[in-house]
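J.: Please see the structure below; I have some questions.
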Amino acid sequence: MADLRAEVAGVKLRNPTLLASGFLDETGGSMLRVFNAGAGGVVTKSVGPEPREGNLNPTVVELPVGLLNAVGLPNPGIADYEAEAKVAVSGGAAVIGSVYGRDAQEYAAVAKRMASYDVLAVELNLSCPHAKGLGTEIAQDPEAVEEITRAVKKVVHVPVWSKLSPNVADIASFADAAKRGGADAVTAINTVKSMAISADLKMPVLKNGYGGLSGPAIKPVGLRCVYEIFEAVDIPIVGVGGIETGADAIEYLMAGARAVQIGTALLRRGLDVFPRACAEMSTWMDANGYAKVGDLVGAAHGK
């Protein structure tokens with residue numbers, strides 16, 4: 001039987017599937033439930049320095065090709081999130097803490113507090129496309145990515161993953177900026193900036209106007225981004241975007257990812273998405289002569 005154990009910059013996972021930030025991760029109980037269902041680890045909701053209500057409704061639109069959301073990073077704030085993080089950690093879940101801020105100082109302060117909750121790593125949400133001042137501007141400025149990553153690295157004792165945006169001309173240059181800042185890994189990608197329009201109402205469906213598209217439609221974009229980063233920058237990659245099956249995960253690993261995150265697929269497959277994807281990966285690997293997950297990483301590059 002194939003060995004599905006994975007490792008990302010020193011973070012050891014029982015399998016390469018992680019819950020993506022923004023899905024079933026607001027409470028410690030829900031994160032623990034996802035982990036117990038079979039995920040290799042869970043990424044928390046993106047948490048900031050203070051409580052945030054998020055954007056006004058409507059904030060979510062289900063589309064034939066995926067999910068369009070503009071929730072606007074609602075969260076209880078880092079101080080109140082301690083109890084939730086510790087429920088998941090004390091229950092045995094492998095937890096990655098996702099954080100955001102307005103500048104390097106805020107990112108560093110929130111990340112330091114999150115790291116004190118015994119998470120295995122901190123993921124920096126540098127790329128939210130629908131929260132003004134909290135991602136869009138940072139995501140398009142490589143110097144900001146480098147500065148924030150460096151500020152966080154100075155104050156935390158756990159690995160730092162910088163989550164990058166696909167809404168840029170050259171994502172590999174942003175991965176390189178993250179590496180210069182000391183990132184231990186990069187997560188690629190966040191949602192793709194998109195919108196929906198109601199013909200009857202003659203106006204955007206989302207109150208915010210624009211949102212972030214996730215799900216099957218962005219898988220080719222995510223694969224391309226991971227592939228380009230792997231070719232250009234020597235840094236571990238966590239792949240995200242449209243992953244639902246074991247075959248999807250294998251494609252991301254072959255593009256260069258060491259692990260993958262699953263979110264929108266929960267709407268179609270439920271919590272079974274994690275054990276089913278792992279079983280599908282194992283079956284394919286056994287049939288094709290791959291003994292361990294690490295053997296798949298970068299296989300599509302012919303190196």
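J.: What size of dipole, in debye to the nearest 20, comes out for the chain about its Cα centre when the only charges are +1 on Lys and Arg C-beta atoms and -1 on Asp and Glu C-beta atoms?
T.: 200
J.: What is the magnitude of the charge dipole of the stretch 29-152 about its Cα centre, with +1 placed on the Cβ of each Lys and Arg, -1 on the Cβ of each Asp and Glu, and no other charges, expressed in debye to the nearest 20?
T.: The dipole magnitude comes to about 340 debye.
J.: Still on this structure, please answer the following. log₁₀ I(q)/I(0) of the chain at q = 0.08, 0.10, 0.11, 0.16 Å⁻¹, via Debye over equal Cα point scatterers, no solvent, to two decimals?
T.: Debye output, listed in q order: -0.30, -0.48, -0.59, -1.31.
J.: How large is the charge dipole for the stretch 153-202, taken about the Cα centre, if only the Cβ atoms of Lys, Arg (+1) and Asp, Glu (-1) carry charge, to the nearest 20 debye?
T.: For the stretch 153-202, the charge dipole is close to 200 debye.
J.: Can I ask one more? What trypsin sites (Lys or Arg not before Pro) does the stretch 1-67 have in DSSP loop regions with at most 16 other beta carbons within 10 Å?
T.: In loop regions of the stretch 1-67 (DSSP not H, G, I, E or B), the sparsely surrounded trypsin sites (Lys or Arg not before Pro) are Arg5, Arg14.
J.: May I pose another question? If you wrap a convex hull around the C-alpha atoms of the stretch 94-253 and split its volume per residue, what is the figure in Å³?
T.: Dividing the Cα hull volume of the stretch 94-253 by its residue count gives 121 Å³.
J.: Going by how many other beta carbons lie within 10 Å of each one, how would you line up Met195, Met114, Met254, fewest first?
T.: Ascending number of Cβ neighbours within 10 Å: Met195, Met254, Met114.
J.: On a 23 Å Cα-Cα criterion, which of the cross-link pairs Lys45/Lys86; Lys112/Lys163; Lys86/Lys193; Lys112/Lys179; Lys154/Lys292; Lys86/Lys219 come out too long?
T.: Lys86/Lys193; Lys154/Lys292; Lys86/Lys219
J.: Within a 10 angstrom radius of the beta carbon, how do Ser30, Ser127, Ser116 rank from fewest other beta carbons to most?
T.: Starting with the residue having the fewest Cβ neighbours, the order is Ser116, Ser30, Ser127.
J.: Cα gyration tensor of the stretch 42-174, axes a ≥ b ≥ c as square roots of the eigenvalues: rounded (a/c below 1.5), prolate (a/b > b/c) or oblate?
T.: oblate
J.: How far is it, in nm, from the label point at Val60 to the one at Arg224 when both lie 7 Å from their Cα along the line to the Cβ?
T.: 2.8
J.: Roughly speaking, what is the stretch gain from Arg268 to Asp3, that is 0.36 nm per residue apart minus the C-alpha to C-alpha distance, in nm to one decimal?
T.: 92.7 nm
J.: Using the Cα gyration tensor of the stretch 1-85, with a ≥ b ≥ c the square roots of its eigenvalues, what is the shape: rounded (a/c below 1.5), prolate (a/b larger than b/c) or oblate (neither)?
T.: Since a/c reaches 1.5 but b/c is at least a/b, the shape of the stretch 1-85 is classed as oblate.
J.: Once you order the gyration tensor axes a ≥ b ≥ c over the Cα atoms, which shape class does the stretch 168-303 get: rounded for a/c under 1.5, otherwise prolate or oblate by comparing a/b with b/c?
T.: Judged from the Cα gyration tensor, the stretch 168-303 comes out oblate (a/c at least 1.5, b/c at or above a/b).
J.: Now for a separate question. Can you sort Thr187, Thr264 from fewest to most other Cβ atoms within 10 Å of each residue's own Cβ?
T.: Thr264, Thr187
J.: How compact is the stretch 153-225 by the rule of thumb for globular proteins, expressed as Cα Rg over 2.2 N^0.38 Å?
T.: Cα Rg divided by the expected 2.2 N^0.38 Å: 1.44.
J.: While we're on this one: With a point put 7 Å past each Cα toward its Cβ, work out how far Glu280 is from Lys12 in nm, to one decimal.
T.: For the pair Glu280/Lys12, the computed spacing is 2.9 nm.
Laboratory data are not the source of any read-out in this text; all were calculated from the coordinates shown. It should be emphasised that the depicted structure is a prediction, and the values quoted were computed from it without experimental measurement. When we count neighbours, we look across all protein chains shown, and the Cβ atoms used for this are built from the backbone with ideal geometry, even at glycine.
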